[in-house]
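Remarks on the structure that follows.
The values are calculated or read from the model by the stated rules, or taken from the named source; none is laboratory data. The structure presented is a predicted model; accordingly, all values stated were derived computationally and were not measured. For neighbour counting, all protein chains shown are included, and Cβ atoms are generated from backbone atoms with ideal geometry for every residue, glycine included.
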Amino acid sequence: MKKILKALSAAAVLAGSFIGLGTEVSAEPKFEDEKVTVGVCSEAEEEVWKVVAERAKEEGIEIEIVLFTDYVQPNISLQDGSVDLNAFQHVAFLNDWNDSNEGDLVPIGYTYVTPIGVYSDKIESLDELKDGDTVAIPNDPTNGGRALLALELAGVIEVDDAAGILPEVKDITSNPKNIQFEELEAGQLARVLPDVAAAVINNTFALDAGLNQESAIFLDTDNPAELSDDYKNVIATRKDDKDNEVYRFIVSLYQTDEVKEKLAEVSDGGDVPAWSDQDDL
């Protein structure tokens, strides 16, 4: 009888340690009473992070999700310690923000690559743009630069190669249709669609405005080989916290099949997971 009880006890321990096909789950929470705040920039990203928060809670980590409405405050809040992590930007945006603000924010994990698309209430193809038409683009350097590169991929303009991934309107070298550019806060672009010929809008803000990729007249992810790794979105923190065990564990909770499924759901299949086993962040 003692041998049977020992065997049952051992089986119970194993059952408490493994759930599913090879997925190890701690019998006890990995951490105790940890609290982490994460800044995001869209309702879609908030929904994804709710999935991560549920998993984190099982491991003794309470994640508070802070929803910002622009691309300015999340990094300011991360730098001043108001939040512990943020997840809204790609590498190029983060690097530019650090350079412009003497920041020391660093990426600690990739999340996804998201398209930037051209949308219009007035035309069905960029070929229909007329001489002197106005196209609205984001006013921040990285997303504005990516918008111009998208328009170059679409054959609307050409930009100076020397500008790299951060071209500005002044770097346009060919503009056959004399397109005028209106530079606006990224979150406002969908609202001006009735007033411009077209607008180049980040996927997160497009989704929040009820736009989907099927309604875009051009997506830069239609040419994936042309996209730089700088456009991979990341989870970021302060440099002093880059090796924080809790933060690194949260990255691992994000980089799961469960999150992949949620990304596909909230982005209509547009957001592509950007992490791999070869990441060295």
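Per-structure values
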| read-out | value |
| --- | --- |
| Verdict on residue 200 being closer than 28 Å to residue 64 by Cα and touching a helix residue (DSSP H, G or I) at 6+ places or on another chain (Cβ under 9 Å) | no |
| Qualifying positions in the range 106-128 - modelled with pLDDT of 95 or more, buried (at least 22 other Cβ atoms within 10 Å of the Cβ) and among the hydrophobic types (A, V, I, L, M, F, W, C) | 118 |
| Search result, residues across the range 147-166 that are closer than 19 Å to residue 219 by Cβ and more than 20 Å from the chain's Cα centre (by Cα) | 151, 152, 153, 154, 155, 156, 157, 159 |
| Positions within the range 73-94 being hydrophobic (A, V, I, L, M, F, W, C), within 24 Å of residue 115 (Cβ to Cβ) and either without any contact (Cβ under 8 Å) to a residue 12 or more places away in the chain or in a helix (DSSP H, G or I) (or both), in sequence order | 91, 92, 93, 94 |
| Test result for residue 143, of a type in the set (S, T, N, Q), modelled with pLDDT of 95 or more and not assigned by TED's automatic domain parsing to the domain that holds residue 252 | no |
| All positions within the range 189-206 that are modelled with pLDDT of 95 or more and more than 12 Å from residue 147 (Cβ to Cβ) | 190, 191, 192, 193, 194, 195, 196, 197 |
| Residue within the range 225-233 that is crowded, with 21+ Cβ neighbours inside 10 Å and of a type in the set (Lys, Arg) present | yes |
| Which listed residue, of 94, 78, is touching a Lys or Arg at 6+ places or on another chain (Cβ under 8 Å), among the hydrophobic types (A, V, I, L, M, F, W, C) and closer than 19 Å to residue 233 by Cβ | 78 |
| Failed item in (1) over 28 Å from residue 45 (Cβ atoms); (2) hydroxyl-bearing (Ser, Thr, Tyr); (3) at pLDDT below 95, with residue 174 passing the rest | (3) |
| Qualifying residue in the range 107-126 (condition: over 19 Å from residue 209 (Cβ atoms) and assigned to a loop (DSSP other than H, G, I, E, B)) | yes |
| Some residue of the range 229-245 being without any contact (Cβ under 8 Å) to a residue 12 or more places away in the chain and aliphatic (A, V, I, L, M) | no |
| Among residues of the range 47-77, those that are modelled with pLDDT of 95 or more, within 22 Å of residue 138 (Cα to Cα), surrounded by 17 or more Cβ atoms within 10 Å (Cβ to Cβ) and of a type outside the set (S, T, N, Q), counted | 2 |
| Selection within the range 190-215 - among the β-branched types (Val, Ile, Thr) and either assigned to a helix (DSSP H, G or I) or surrounded by fewer than 18 Cβ atoms within 10 Å (Cβ to Cβ) (or both) | 192, 204 |
